Every structure is written in structure tokens, then in C-alpha cells.
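Right, one structure below, let's go through it.
The values are calculated or read from the model by the stated rules, or taken from the named source; none is laboratory data. A quick note: this is a predicted structure, and the numbers were derived from the prediction, not measured. No Cβ is skipped: glycine too gets one built from the backbone with ideal geometry, and neighbour counts run over all protein chains shown. Each accessible area value is taken on the protein alone, full model and side chains, heavy atoms only, with ligands, DNA and RNA left out. Shrake-Rupley method; radii C 1.70, N 1.55, O 1.52, S 1.80 Å.
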Amino acid sequence: MPKKNARVRYAPSPTGYPHVGNIRTALFNWLFARHTGGSFIVRIEDTDTARTVSGAEDVILESLRWLGLDWDEGPGKGGAYGPYRQSERLEYYQKAARQLVEQGNAYYCYCAPERLEEMRSGQIANKQPPGYDRRCRELDPHKKSGFSGECPHPVIRFKTPIEGSTAFCDELRGEVAFENRSIDDFIILKADGFPTYHLASVVDDHLMQISHIMRAEEWISSAPKHVLLYGALGYQPPRFAHLPMILGPDRSKLSKRHGAVSITQYREEGYLPQAMVNFLALLGWSLDDKTDIISLQTLVESFTLERIGKTAAVFNREKLDWMNGVYIRSLSLDDLVRQAMPFLEKYLPDSVERPLDEGYVKKVMPLIHERAKTLREIPQLVDFFFTPDIGYEAGLLIGKKMDRQMSLNALEVTLDHLEKLEPFTHDTLEQSLRPLAEELELKAGQLFGIIRVAVTGLTVAPPLFETMVVLGKVKCLQRIKQAISSLSAYTC
Ligand code: GLU
Ligand code: ZN
């Protein structure tokens, strides 16, 4: 494979928000462009107007930006081969379709939708493969057809050879051949003058001088149609690489249940773009079959088609969570604060005063830096640092192998000690509370467990003394007093 200036494209249809599989295609194309010092082109395939979803194009482009997949040519960027939205390029497709009709490679089809529908039901009833019956194939394009009354705006269909086969070389699979008789006389230009995907894709990949088409495996059955079109139009076809499928952990087709959700949802759930890129890169590509954490620079340096897998990739959500945790841990404290801030602002309870104090957030973050797997879970991990009142079940204040009175006593003595404690630091807390446990004839874990519940409301929380220092003396005393009164009133 020549390592020279590949021109590759990501060609999304704005028919919905881009999901994992979609963006994996974008990433592979981007990596290949960057690896070869070539160009990454974004082309919006919006010719299926009935299925276009408003706003989808913006979400697609925003997803690319979020992941850092910058494009050299495309919407908002321009380029020498624009426009990059197919709805703005109709003349090119119409010209190509006319050329094919003139050459005898395509023909006008006047069949009314009702006729096609009837034909289809007949085929299904007779257990025949569905497909156009080629009634209009031999009409003379220069004579008005007897059928023209049926449908005044004909479509144009490609005249697929009846015999033989069409083959191409897939960079990953080797030769792939399809029997021509399995290929329909497919429509290339619709009645409204819009092209179908097949024609538009071929014309654009040619005009935009695309060197490699890298796309999902589901498009492989379209490739012979494209090869036939390239041949008929006299174009040199690009190289093809159909990327392995992505399956769910149960090896069924990836679905919403497995995580085939839109990529923007991962952003909202607090995944870092760096982690997402690393994770997606490994869905069908590998560095050496064992390395999981791979920097962007290494990805770019090592991304060759040879290392794309031939078998389906499995989407493993736990692996993504683990990887995101690794990337969160690698953030500097300042970066973590910056990234976590919007999630805290949005998801901390309403009782917490806004805007948040960034200095305080910066003290809290080190306590959960090692534990957070997503930014979205940070607010739940730290909310007791912020809320004016922590609600919990008073029974939690009863220590292990202790009763209510013993626990109450422990809290009262602790309060007494802490009121006198100056300064209120990790070390003074340690020096005061460890001997106190002994004095009370308790295990340190028993006493600390009670204090933990009193100051955090939780049985599992970040390290106790650090937590208490960040909360501050005033708040700790206040919460311990609150715990004493809850436990005094506790009747169970
Ligand atoms: N518009 C197609 C899609 O939505 C592009 C397929 C291709 O890359 O040729 O995936
Ligand atoms: Zn027809």
C-alpha cells in the first residue's frame, strides 16, 4: 500500500445522529489521512430528502469536532472539489446519468409505483427474488415511450449486465465477486432529479479524487454496483476497504441496548474524547493485539490498513468505562476541574448554591480523581461536599458490633475532641482520633465508620481525614452534632 497522500472521505447521511459505528468509520478515515499525510474530506450525502433529519448535519459535524477529527475539505471549510453537500451538486449527477443513457448503459423507466408494488408482491408470493423486471430496458430513449403516460417523470435505471460477474479487490478481503444476475437494474436518478446513493457516491468519489473508500461492511453489496458505474462512466475506481462489523458482547448486531447510541450521548455521559478515540480505534484495528492505551500520536503513526482486522469487532462497554477512567486519571488537576465543572453545575442538587466555588471544587477533586470512571458520575461521588444537608438513615450511625448507646457515646466524645482540635489537618485528626478509638475500646475502623457516616452520609466515601479537612472544621462539627441528635431520636 503506497503511503502517499491518501484522499479519503467520511460521507455521512444526515438521516440521524451519528452512532458508534458511524464515527468509527470517520475515525479510521481520519487516521489514514493523517498517517499518509493526505486529506480527510467530509461530504454530506443528503440526497434522500425524505429521510433527512433536521439538525443531524450539525450534530455530525459537532461530533467530529468534539473528537478532534478535523477535516481538510468539507462543510464550513470549503476546498477545491466543493460543494461538499450532495444536494448542491445535482447537476453533476444529472450529467453523468444523461451520459449513461446516451451510451446505452442506462435507461428511462416509466413504471408507476403501483406497477412496481404489484410486481413486488407477485415476486414475494411466487418466492422469487425481488427486483425490477426490466420492462423499460429496451425502450429507445429518443422516442416517446408508450408507457410514458404511466409516469410522466421517469426514473433512470442502470442497465446491469445480465450475465457474468463483477469483481473488485477489497484491501482487507482480497477479491470479492458478485454474480451480475443478483444485481438489479438499480435506479441511479430519481423522478425528482435527485440521484440515488450509488450514482452520487461514484460521481463524487471520482470528482473529488478519492483514493481509498473506507466504509462499513454493510456497504459491500453496493460495491459491485459502483464498480459497474465506474466502468460505464470511464472512471478509474478508488481502492476499497470494507471495515469489519461491530457486534455487541453477545455477538449480535450492535444495537442501542449495547451502546450503539449517538456519540453525543457519550459526551453527555462524561466520556473524554481522547478515551473515545482510543476505544473506537480498537474496534477493528490493533497496534499489536495487546496494547490498549494508545496515544493519538501513536495511533496516527501506526495506522495502516494491514492492521485492520478481518473479523467482527466486539463493543465492550466495560472496557470503555475502564479506559475512560484511565484517561480521567491522566488529566491534570486543573484539566479535571475544567472538565468536571459543567457536570457539577448541571447535576449537583438544586440546594447547592450556584455558581460553584472553583477553588473549593479544586480541593474536592483530588479525592475522587482515582475513582471516577466518567465525568457524569462525579457529582454523585462528591455531592456531600456541597449540599447544605446530607440525608441518610440514622441506623447507619450504629457502628459494627456496637449498639445505639455505644455509638452515641463515641460520637459525643469525638465531638468533644474535635471541638478542641487546632489546627484541623490530616495529621492532627489522625493523632487525635486513633488514640480516641483505643480509649473507647473500639477498633479504628469502627470509630471511623461512624464518623464517616456522620460527616458524609455514606458508608463508602473518599479517605476520611482528607475528606474532613476539605469539608472544614465548622461543617464537620455541625454534621456530627446533627448525627448525635438523629441518633438520640432513633428508636429502632
Ligand atoms: N452515505 C453513506 C452512509 O451514510 C455512505 C456510505 C459510503 O461511505 O459510501 O454511510
Ligand atoms: Zn420501467
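The figures follow:
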item	result
Cα-centre dipole for the chain with unit charges at Cβ (Lys and Arg positive, Asp and Glu negative), debye to 20	1080
Two-decimal ratio, the chain, of alpha-carbon radius of gyration to 2.2 N^0.38 Å	1.39
Rough spin-label spacing in nm, given labels placed 7 Å along Cα→Cβ, for LYS4 and GLU412	8.9
Accessible area of the chain divided out per residue, in Å², using a probe of 1.4 angstrom	48
Computed over region 308-377: relative contact order in percent, which uses C-alpha pairs under 8 Å that are six or more apart	51
Total formal charge among the other residues, if their Cβ is under 13 angstrom from that of ILE162, Lys/Arg +1 and Asp/Glu -1	-2
Table column - 3J(HN,Hα) (Hz), region 344-355, Karplus curve with 6.51, -1.76, 1.60, x for Gly and Pro	5, 4, 7, 10, 5, x, 4, 5, 7, 5, 10, x
Alpha-carbon centroid distance for the pair region 254-318 / region 367-409, whole angstrom	35
Relative contact order of the chain, defined on C-alpha pairs under 8 angstrom at six or more residues apart (%)	12
Positive-pole candidate from LEU336, ILE451, SER87, dipole of the chain, charges at beta carbon	SER87
Taking region 381-492 and dividing mean pair separation by its residue count, relative contact order in percent (alpha carbons under 8 Å, at least six apart)	40
For region 230-306, the spread of Cα positions along each principal axis, largest first, Å	49, 31, 24
Net charge of Cβ neighbours under 13 Å - reference HIS153; Lys, Arg +1; Asp, Glu -1	-1
Residue-averaged 222 nm ellipticity for the chain, from DSSP H runs of 4+ at -39500 (n - 2.57), nearest 500	-13500 deg cm²/dmol
Net length gained if the chain between GLU441 and TRP66 were fully extended (0.36 nm per residue, minus Cα distance)	129.4 nm
Convex hull of region 262-345 built on C-alpha atoms - directionally averaged projected area, nm²	6.3
Above-threshold pairs, the threshold being 23 Å between Cα atoms, out of LYS362/LYS473; LYS420/LYS481; LYS373/LYS473	LYS373/LYS473
Positive dipole terminus of region 228-386, leading residue within MET245, SER262, LEU367 (C-beta point charges)	MET245
Student exercise, region 302-396 dipole from Lys, Arg, Asp, Glu Cβ charges, in Debye to nearest 20	600
Cβ crowding within 10 Å averaged over residues, with 31-44, 220-233 ranked highest first	31-44, 220-233
Total charge dipole magnitude, region 135-256, about the Cα centre, Cβ charges on Lys, Arg, Asp, Glu only, Debye to nearest 20	240
Accessible surface of the chain [probe 1.4 Å, protein heavy atoms]: carbon and sulfur percent	51
Under 5 Å, built H, 5+ apart or other chain: amide partners of HIS212	ARG7, ARG239
Exposure ranking of THR414, THR304 by accessible area [1.4 Å probe, largest first]	THR304, THR414
